[in-house]
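Nothing in this text is a laboratory measurement; each read-out follows from the coordinates by a stated rule. Since the model is a prediction, treat every value here as computed from it, not as a measurement. In this analysis, Cβ positions are derived from the backbone assuming ideal geometry, glycine residues included, and neighbour counts consider all displayed protein chains.
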Amino acid sequence: MSKPKTPQAIRGTQDIFGPDAEAFVFVVETFERVRKLYRFRRVEMPVFERTEVFARSIGETTDIVSKEMYTFDDRGGESLTLRPEFTAGIARAFLTNGWQQHAPLKAATHGPVFRYERPQKGRYRQFHQIDAEIIGAAEPQADVELLAMADQVIRELGIEGITLHLNTLGDADTRDAWRAALVEYFGAVRGELSEDSQERLDKNPLRILDSKDPRDRKFVAEAPKIDAFLSDDAQRFFDAVTRGLDAAGVKWQRAESLVRGLDYYRHTAFEFIPDEGTAAADALGSQSTILGGGRYDGLMASLGGPATPAVGWAAGIERLAMLVGERGEIEADAVVVLEDDSRMGRAIATVKKLREAGWKTELFAHGSPRKRFDKARKVPAHVLVTFPVTDDKVSTRVMGDGGEVHTAIESLVQFD
């Protein structure tokens with residue numbers, strides 16, 4: 001009988017282990033610590049939703065909905081989709097669970113998301129995001145707080161050379177006037193645009209400004225700028241955001257071509273991007289954005305809810321983990337070596353007491369006693385404990401100085 005073939009991981013997924021896993025959890029722990037400082041409530045969301053939640057929220061014409069979602073029919077014939085991002089699900093939960101009573105709701109979460117796209121550096125088909133949203137706050141201060149929070153997460157991760165790229169999409173009147181000007185401008189050169197941009201011109205003309213195709217870029221540079229169409233209210237809103245960022249000490253620069261194509265986006269749009277020539281930019285290559293978001297005041301209405309202002313951001317954990325550098329394995333406060341298996345019960349009880357006292361402890365009780373000792377000495381630890389010396393005493397060694405002390409088992413937790 002032939003040996004069964006070992007199944008391989010699915011393309012675009014990853015098994016995270018060792019230093020990579022420690023970097024991953026460092027990002028999550030940092031995010032959790034910072035979100036508590038800003039008093040964002042933790043939310044947990046389903047991994048899948050009805051397909052319409054994402055189709056109506058993200059937009060039928062976007063690449064995510066049209067090309068990248070993992071969609072399937074369940075046994076009841078209902079179309080479901082693995083979440084490609086968090087915002088749509090949080091918006092749905094806000095409306096269906098009565099979370100309006102908590103508005104303005106500051107919510108944060110993290111976990112896996114799924115997009116069927118070409119795997120590349122720092123990008124996977126199952127990847128992970130941290131996410132923060134403020135729902136029910138129309139004031140520019142909400143944008144400032146979210147951006148200050150994002151900036152603090154990045155700084156506390158120790159990632160340097162990152163700048164906030166910031167733009168305004170204006171209010172509804174601003175956006176409509178700007179959109180009309182873009183349609184007129186790009187319509188005059190339609191035949192010279194890329195095929196994707198020709199299609200976007202009819203459905204979502206703002207997305208042409210995001211195009212990386214050289215055929216489009218030469219026209220994008222001279223396209224009408226939103227500042228020429230900003231209403232007084234929109235200008236005041238943007239000025240308040242930038243003043244707030246300056247007061248918070250957040251470094252930013254204007255990015256006039258930064259857009260969000262869907263009609264429900266308003267006012268602030270932003271991305272945190274590594275500065276050219278920095279280690280972060282070199283590490284990420286073309287996939288340079290590490291955190292992005294914006295204000296989406298019209299999203300709730302697209303899901304059938306009342307008009308509700310909201311702003312949020314998300315960041316890929318894998319990309320951030322690439323930039324925090326290698327994190328070492330968990331260091332031990334104590335390693336316990338069992339030299340006589342008849343003392344197994346006492347060794348287990350001692351390890352339990354050490355852990356209850358807050359000591360990170362590992363028990364070596366596999367293989368020969370000599371091999372146990374050799375393996376234990378290779379572990380970076382403060383104290384090496386050896387069983388037995390006598391029935392009521394163990395050998396303790398402070399690693400590094402080689403000194404050995406015989407001490408009562410009960411006094412281990414006080415050992416310094």
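Put a dot 7 Å past each Cα toward the Cβ at Glu156 and Thr6; how far apart are the dots in nm?
4.0
Once label points are set 7 Å from the Cα along Cα→Cβ at both Lys352 and His366, what is their separation, rounded to one decimal in nm?
Between Lys352 and His366, the simple spin-label model gives 2.2 nm.
For a Förster distance of 30 Å, can you work out the FRET efficiency between the beta-carbons of Asp282 and Glu331, rounded to the nearest 0.05?
0.50
Given DSSP loops and a limit of at most 16 other Cβ atoms within 10 Å, what is the longest stretch of the chain that contains no such GluC sites (Glu not before Pro)?
In the chain, the maximal stretch lacking such sites is 332-416.
Among residues other than Glu117 whose Cβ falls under 10 Å from its Cβ, what is the net charge (Lys/Arg +1, Asp/Glu -1)?
It works out to a net charge of +3.
Restrict the search to region 1-90; then list the trypsin sites (Lys or Arg not before Pro) that DSSP places in a loop and that have at most 14 other Cβ atoms within 10 Å of their Cβ.
Lys5, Arg11, Arg39, Arg75
Run the helix sum for the chain: -39,500 (n - 2.57) per DSSP H stretch of 4+ residues, divided by residue count, reported at 222 nm to the nearest 500 deg cm²/dmol.
-10500 deg cm²/dmol
Nearest 10 degrees is fine. How inclined is helix 232-248 to the longest principal axis of the chain, computing both from alpha carbons?
So the inclination is approximately 20 degrees.
Calculate the FRET efficiency for Ala172 and Gln126 from the Cβ-Cβ distance with a Förster distance of 60 Å, rounded to the nearest 0.05. Each step should come with its number before you reach the end.
Values: r = 37 Å, r/R0 = 0.61.
The computed FRET efficiency comes out at 0.95.
Which of the pairs Lys67/Lys225; Lys36/Lys375; Lys353/Lys375; Lys203/Lys251; Lys106/Lys218; Lys36/Lys212 have their Cα atoms more than 32 Å apart in this structure?
Result: Lys36/Lys375; Lys203/Lys251; Lys106/Lys218; Lys36/Lys212 exceed 32 Å.
Considering the values (i) 35, 26, 21; (ii) 40, 22, 20; (iii) 52, 24, 21, which represents semi-axes √(5λ) of the Cα gyration tensor in Å as calculated for the structure under consideration?
Answer by label: (iii).
Mind listing the long-range amide H neighbours of Arg41? Cut-off is under 5 Å, sequence gap 5 or more, other chains count too, H placed in the peptide plane at 1.01 Å from N.
Placed amide hydrogens put Lys106, Ala107, Ala108 under 5 Å from Arg41.
For the chain, set up a Gaussian network in which alpha carbons nearer than 10 Å are linked by springs, and say which option among Gly77, Gly111, Gly305 fluctuates the most.
Looking only at Gly77, Gly111, Gly305, the biggest GNM fluctuation is shown by Gly77.
Do any trypsin sites (Lys or Arg not before Pro) in region 227-309 lie in a DSSP loop with no more than 13 other beta carbon atoms within 10 Å, and if so, which?
Answer by residue number: Lys251.
Quick check on the exposure proxy: order Arg327, Arg83 from fewest to most C-beta atoms within 10 angstrom.
In order of increasing Cβ crowding within 10 Å: Arg327, Arg83.
What order do you get for Val47, Val144 when you list them from fewest to most C-beta neighbours inside 10 Å?
Starting with the residue having the fewest Cβ neighbours, the order is Val47, Val144.
On C-alpha positions alone, give me the angle between the axis of helix 344-356 and the longest principal axis of the chain, in degrees, nearest 10.
The angle comes out at about 40 degrees.
Cα axis of helix 18-37 to longest principal axis of the chain: angle in degrees, 0 to 90, nearest 10?
Approximately 60 degrees, to the nearest 10.
Only Cα pairs within less than 10 Å get springs; with that Gaussian network setup on the chain, which residue of Leu105, Leu201, Leu384 has the largest fluctuation?
Leu384
Of the candidates Asp233, Asp340, Asp74, which one comes out as most mobile in a Gaussian network treatment of the chain with C-alpha springs shorter than 10 Å?
Evaluated over the chain, the most mobile residue of the options is Asp340.
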